[in-house]
Amino acid sequence: MTAKTLDVVGIGNAIVDVLVQADERFLGDHGLTKGTMALVDEQQAEGLYASVGPGLETSGGSAANTLAGIAQLGGRAGFIGRVRDDQLGVIFAHDIRSVGARFETPAATAGPSTARCLILVTPDAQRTMCTYLGASVGLDPADLDLELVAQAKVLYLEGYLWDSDDAKKAFIAAAEVARAHGGEVALSLSDAFCVERHRDSFLELVDGHVDILFANEMEITALYRANSFEEAAEQVRGRCRIAALTRSALGSVVLSGDQTLAVEPFTLGPLVDTTGAGDLYAAGFLHAYTQGQDLEACGRLGSLCAGQVVTQLGPRPQGSLRELVAAHLG
């Protein structure tokens, strides 16, 4: 058992998010399907970027958003991800460190440029993402700071890593080190299309290697090819120690053994942008979990953080999460 100097260490794609408000016509003109995530090459990414108006640029990626949220809540967080030594790489590193998360992965000096994700937010608050993965998919076991992993109570991994063989190897290596040093492993399924691509691998992971699973309604039903959320929830029950399943306006359901906890959503204002809702739910849940709180408290903090982030543009809370907690949870 290694002394735990960090609450959560996350491994994921290191991406600079570029958030832009767009209309339905723009999506149609560029052949984009609203509410989905499409992978694009560098040329397509540059073309789309040139076509839109001004955007908000922040460090992003699913796991990075979660770790930034944990740090903002006062947790001890670290992040591992690959960037290039370019302007966007500098933006990513500065931004995630500025919220209090440890980020020490050396920037690559050759190869593809830093990843970026163009997030197009339509007036109905839906987000359509065009992602160039760039340097982030080059993450391999050599990029891992295994000492950092060993110091974490929980290792948090994003499902998008499974799209790269090298990143997959890093994922497995880190999970083995975390377990060997008394840590737990959490996984986010990330995206329903990601689940479709890697269903068999994810089923194996959930059954034997994951302690805490995060998924939304679409992802968990896709994983088990279920006809309903309720059917999928019963199939995942007992396959990992904890399953935290989000349902947008219906809140979330937390399963552990025979226990089922229904968690109400927090409605804190008009819906503006759903980007980062699942990431911030995981942030609140894992922060409470690593502080020894019960599962109901974990779900409520996750719900509160998610409820706040959807009232603004972008995946990083613009107000103080600690003040939010004090106001709503005491």
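The values are calculated or read from the model by the stated rules, or taken from the named source; none is laboratory data. Computed from a predicted model, the values in this text were never measured in an experiment. Calculation scope for accessible area: heavy atoms of the full protein, side chains included, ligands and nucleic acids excluded. Shrake-Rupley method; radii C 1.70, N 1.55, O 1.52, S 1.80 Å.
Taking the empirical scaling 2.2 N^0.38 Å for compact globular proteins as reference, segment 289-328 has a Cα radius of gyration ratio of 1.21.
Averaging the Cα positions of each part gives two centres, and for segment 285-321 and segment 163-197 these lie 22 Å apart. Once C-alpha pairs closer than 8 Å and six or more residues apart are averaged by separation and normalised to the residue number of segment 145-279, the relative contact order reads 16 percent.
Based on every Cα atom in segment 184-225, Rg and the maximum pairwise Cα distance Dmax equal 9.3, 27 Å. Panel note: the C-alpha atoms of segment 47-93, placed on their principal axes, show extents of 39, 23, 14 Å (largest first). Dividing the convex hull volume of the alpha-carbon atoms in segment 81-230 by its residue count gives 139 Å³ per residue. Short-range pairs are left out: with C-alpha atoms under 8 Å and at least six residues apart, the relative contact order of the chain is 18 percent.
Using Cα positions and a limit of under 29 Å, work out the lysines in reach of K169, with same-chain residues fewer than 8 apart set aside. In chain and number order, the partners are K4, K153. Stokes-Einstein, applied to the Kirkwood radius of segment 179-323 over Cα pairs at a viscosity of 1.306 mPa s and 10 °C, places its translational diffusion at 103 µm² s⁻¹. Rg over Rh for segment 1-97 works out to 1.06, using Cα positions for both radii and the Kirkwood form for Rh. When every Cα-Cα distance of segment 195-280 is counted in 5 angstrom steps from zero, the calculated P(r) takes the values 3, 14, 24, 26, 17, 10, 5, 2, 0 percent. The alpha carbon radius of gyration of the chain, expressed as a multiple of 2.2 N^0.38 Å, is 0.92. Taking the DSSP bridge list for segment 65-179 and keeping only pairs wholly inside it, about 65 percent are antiparallel. Per-residue 3J(HN,Hα) values for segment 65-76, derived from phi via the Karplus relation 6.51 cos²θ - 1.76 cosθ + 1.60 with θ = phi - 60°, read 4, 5, 5, 4, x, 4, 4, 5, 7, x, x, 9 Hz in sequence order (x marks Gly and Pro). A cut-off of 5 Å between modelled amide H atoms, ignoring neighbours fewer than 5 places along the same chain, links S190 with G159. Sorted largest first by accessible area at a 1.4 angstrom probe radius, with every protein chain in place, the residues R127, R199, R76 fall in the order R76, R127, R199. Accessible surface of D85, taken over heavy atoms with a 1.4 Å probe and every protein chain present, rounds to 90 Å².
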